[in-house]
Structures are given as C-alpha cells and as structure tokens.
1. Does anyone have the angle between helix 2-12 and the longest principal axis of the chain? Alpha-carbon axes, 0 to 90°, nearest 10?
2. In degrees, nearest 10, range 0 to 90: what is the angle between the Cα axis of helix 50-63 and the longest Cα principal axis of the chain?
3. Accessible area per residue for the chain in Å², computed with a 1.4 Å probe and the full protein assembly in place, what is it?
4. Note the angle between two axes, namely the Cα long axis of helix 198-209 and the longest principal axis of the Cα atoms of the chain, as a number of degrees from 0 to 90, rounded to the nearest 10.
5. Considering only C-alpha atoms, what is the centroid distance from region 146-166 to region 32-72, in Å?
6. Using a 1.4 angstrom probe on the protein heavy atoms only, could you order Val2, Val145 from most to least accessible area?
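The values are calculated or read from the model by the stated rules, or taken from the named source; none is laboratory data. No experiment lies behind these values; they were computed from the predicted model shown. Surface areas here come from the heavy atoms of the whole protein model, side chains and all, with no ligands, DNA or RNA. Shrake-Rupley method; radii C 1.70, N 1.55, O 1.52, S 1.80 Å.
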Amino acid sequence: DVSMALGRAYRTRKQYEDAINEFNQVLSLKPNNFSLHRELGIVYFEQKHYDDAQQELLEFLRFRPSDADAHNYLAKIYVERKEYDKAIAEFRGVLQSARNNAEAHFQLGRIYADKGMSQDALREYQAVLQVNPTDPNALYQLSLVYAEQKDYEQAVEFCKRALIFKPDLPGGRHQRARMYITLGKQELEKAALDSATPTVQKELDAIRKLGY
C-alpha cells in the first residue's frame, strides 16, 4: 500500500504530523485495516504521547492479541511511566510466545538493572546475546552491570566487544577507560584516552584525580 509506505517514511524521517495525517487518511478509507492502529501507536510513542499510543496499541491488540511488537511498545509505555510491574508482565507475556524476542529480553534487562536486580539483568542480557552475539547495546549493558558488581575484568571485556561491533557506541570509550583506570592498567588506559574525544578525556582526567 503506497499510503502505508508513505506514512512509515514520514515516521522514519520524524515528520510525525505528516505520518499521522497519512495513516488517518487511510484509516478513514479502510476502517477495517487494524494494522493502522499499530502504526499510529508507534508514531505517538516516538512523540512521547503515551496515552494516545496506548489507546492505539490496545485497539490493534483487540484484533491481533499475540503481536509481539505491539506488546513490546505497550510495555515500553509502562516503563516510561515507571509502572515496572506492568512492563515486566507485558515483556514476560511476549517471551511466553516468542522466547527469543531480543527486544523483550533487552528491555527486561534494563528494568532489572534499574531496580538493582543485577543477576536478573545479566540473565536477560545474556539471552539477547544468544539471539544476536554481536549486539553492541547488550554487550555494553553487560559491561555496566559487571562494573556495578565490581567485576572490572568482565566489565572491560564486554565493553571491548561492544566497541568492536560499534566503535562509536555512546559511552563505550568512556566506560572502557574508566575500567582501565580502576584496574590500574596504565598503558591500556592511555590508549583508551588517546582514542577518546576531548570531552571524554576531560571527564576521565577528573575521574582519575578523584581516585576512581
């Protein structure tokens, strides 16, 4: 459908009002095209209009109750509202029917990490890597959790792996250098600092002076 493709193109370019107008125009002509409610829900979610997003996603799920993507978006709305129990229930529901859904595992990992449930977070991030061993975001999050547990060797290794697959990963070089400083690996620290941006170098200099 040309209009559907056009609406998605608008969303990709963050032209949200154009996307909403396009989807609503199609919906007025094809009111039984329930997939449009999911498309509208995603647009509203990206705009942070969570009430509208929830309404559209729930309408879509009336017709397609097992759609994993819609449940993932609904769960992320609950996360944004800090309704973590509802979010966990949604993500677990997704995994009951799609146990290898990497998005659900990743988002559960984020929730557990925020709640201080580090072992549960590690389990979920490892599940992501079983689906996609090169996922840089899961590798990076594992590095952060291991750092919280003061397992700095593991933190360094996972951060290094993350940077292999995504060299410009936000926070990656900073995290790697922090772990090198903590471990006292001066040469590796210097190499990490040399590869970092000037802003990150200043931050790391401050960390080092504080005796991190």
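1. 30 degrees
2. Roughly 60 degrees between the two axes.
3. So the chain comes to 55 Å² accessible per residue, rounded to a whole number.
4. Rounded to the nearest ten degrees, it is 50.
5. One Cα centre to the other: 36 Å.
6. Val2, Val145
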